1. Report the local net charge at A:F33: Lys and Arg +1, Asp and Glu -1, summed over other residues whose C-beta lies under 10 Å from its C-beta.
2. Treating the point 7 Å from Cα along Cα-beta-carbon as the label, what are the nm separations from A:G56 to the other copies, to one decimal?
3. Chain pair B, A: how much accessible area is buried, both chains summed, with a 1.4 Å probe, in Å² to 100?
4. Hey, can you list the residues from the range B:111-150 whose accessible area shrinks by 40 Å² or more with all protein chains present, relative to the chain by itself (probe 1.4 Å, no ligands or nucleic acids)?
5. Compute the signed sum of charges (Lys and Arg +1, Asp and Glu -1) over the other residues within less than 15 Å, Cβ to Cβ, of A:K222.
6. Put a label point 7 Å from Cα along the Cβ direction on B:L211, then list its distances to the equivalent points in the other copies in nm, shortest first.
7. For the protein assembly as shown, which whole percent of the accessible surface, found with a 1.4 angstrom probe, sits on carbon and sulfur atoms?
8. Among all cysteines in chain A, which have no other cysteine Cβ under 4.7 Å from their own Cβ?
Protein chains: 2
Amino acid sequence: MTLIVALDPPLEEDPIKWSIGIIEKTREYVSGFKIGLPMLLRTGVDAVKQLTAATGGSSVIADLKLADIGFVMSLSAAALARAGVRGVIAHSFVGVRDALDALKRTCEREGMDLILVVAMSHRGAEEVMTPVVDKLLGIAKEVAPWGVVLPATKPRLIQRGRRILGEHIKILAPGVGAQGARPGSALCAGADYEIVGRAITRAPDPADAVLRIRKEQMEVVKTC
Amino acid sequence: MTLIVALDPPLEEDPIKWSIGIIEKTREYVSGFKIGLPMLLRTGVDAVKQLTAATGGSSVIADLKLADIGFVMSLSAAALARAGVRGVIAHSFVGVRDALDALKRTCEREGMDLILVVAMSHRGAEEVMTPVVDKLLGIAKEVAPWGVVLPATKPRLIQRGRRILGEHIKILAPGVGAQGARPGSALCAGADYEIVGRAITRAPDPADAVLRIRKEQMEVVKTC
C-alpha cells in the first residue's frame, strides 16, 4: 500500500481517543500513520502505546524532525521505540558524524526505521535548505536510512532523490491533498508512499476518503 | 546572572522530581533552566507545570530545536507557553517565511522568548551548518528573536554573531563544562549566558558547583 495518514488531532479533542478513532476506521486500507511533536508534547510517550496497539500491525511513524546531537536524538528515539513506534523522522541537516551516525545505531538497536528529511515545501525552505539539497541528499546516501522525506509539491526533487539514492531507500511524500499535490503525483515522480492528513482526518467518512484517494492514486499512476 | 542550568534527568530517575531537586538547590544563583525533548517526551507538557512553578521566577527554556513549518512549530510552542515555559529553541535553518515568521508571532502572542540555533558544535555540524553560518545569522537577524544559540566551543562564531546581530539579541552558549569550554570563555567572546549541564547536575553538591562556576566565570571575564 502507498498511503500514510498524518494524525493531527484538533486542540479541543482528546488526542489519543481522536487518533484511535481515525486509526480504527482506516487501518485496513493504509500502510501506516504519522504522529507529530505537538501531539506527543500533549500526551507524553507512554500514552502513545494505546495508539500503536490500535493499529493492528500498520506502523506508526513519529514525525519529530529531530535535529540535535546524536546522544540527544537517540534518547528521544529510544523512548518512542519502547512505546511501539516503528519509525522516527530526523533532519539530514545536522550531518552524519556524532549526529545521524549515532541515531542510526540507536534505531538499529531498537528495531526502528530511520527516516531523514531531505527537503521541505514551505517558502522558507528556499532560503537555506533547497540550495543545499544535494548536500542533504549526500548525507542521506551516506547514512542509508530506511527512508527519506521529499515533498509531493516538488516532484523534480523526488525524481532527483530517487536517482541519487537508488531503489532501496523509501521515499515518503507529504503535501498531498489539502496542501496541494494531487494523489498519485508523487508516486509518479518516484515516491513509495504519499502522506495525507486533513483530506482524510477531517473528512466526514475517513475510510471513504482513503478509498477515494487510493483510487485516484491508481488512476494517476496508470498515466505516469 | 550569566548561567543557565541544562536539566538532563537520568533515565532511572523520575524526571520531574529529579529536576525540581536540582532547581530548588540552584535557583537562587542562576538565570534559568533548560529542559530538553527527551524529558518532555517522557513527561508530557502538563507535568512541566510543576517544574516551572518550582523555579521561583527563574525562567525555563525548552530546547526542542524545533525545525518544522510555522503552523506545527506554533502548536508546540503554544503548548509549552501554557505550561509556564518562558522560552523555546528553534532552528534557523528552516527559514523565515511560513516557518520562523509564524513561530515568532506565536511567541509574541504567548509572551514567550524565541531563541534560534545558529551553529552547533558536534562534528556533523561542519557538513552543512557551519558552511552556511552566514545565511543562518542572516535569518536570525531578520527574525530578530530574543536570543540565539552559538556554541561555547566556537568562540569565533560567537564573536561573529555578536558583530552581525548587534547588542540587543542575547547569545546563549552551551558546551561549557563537561563538553570542554572553560566557564567564562564564551562570555569573553560576547555571549550573555553560558549553559552548563552535567558539571552542575551530576556534582555531589549542585549549589556549590554553581558557585564555583560563577566564580570562575568572573575570574575569566576580568582577564578578557
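The values are calculated or read from the model by the stated rules, or taken from the named source; none is laboratory data. Bear in mind the structure is a predicted one, so any value in this text is a computation, not a measurement. No Cβ is skipped: glycine too gets one built from the backbone with ideal geometry, and neighbour counts run over all protein chains shown. All accessible areas refer to the heavy atoms of the entire protein, side chains included, with ligands and DNA or RNA removed. Shrake-Rupley method; radii C 1.70, N 1.55, O 1.52, S 1.80 Å.
1. Working: positive: A:R27, A:K34, A:R86; negative: none.
So the environment of A:F33 carries a net charge of +3.
2. When each copy's label point is compared with this one, the spacings are 5.6 nm.
3. Details: alone 10690 and 10700 Å², together 17810 Å².
Counting protein atoms only, the buried area is about 3600 Å².
4. B:H122, B:R123, B:E127, B:V128, B:K135
5. Working: positive: A:R182, A:R214, A:K215; negative: A:E216, A:E219.
Result for the neighbourhood of A:K222: +1.
6. 7.3
7. Working: 8910 of 17810 Å².
Carbon with sulfur: 50 percent of the solvent-accessible area.
8. A:C107
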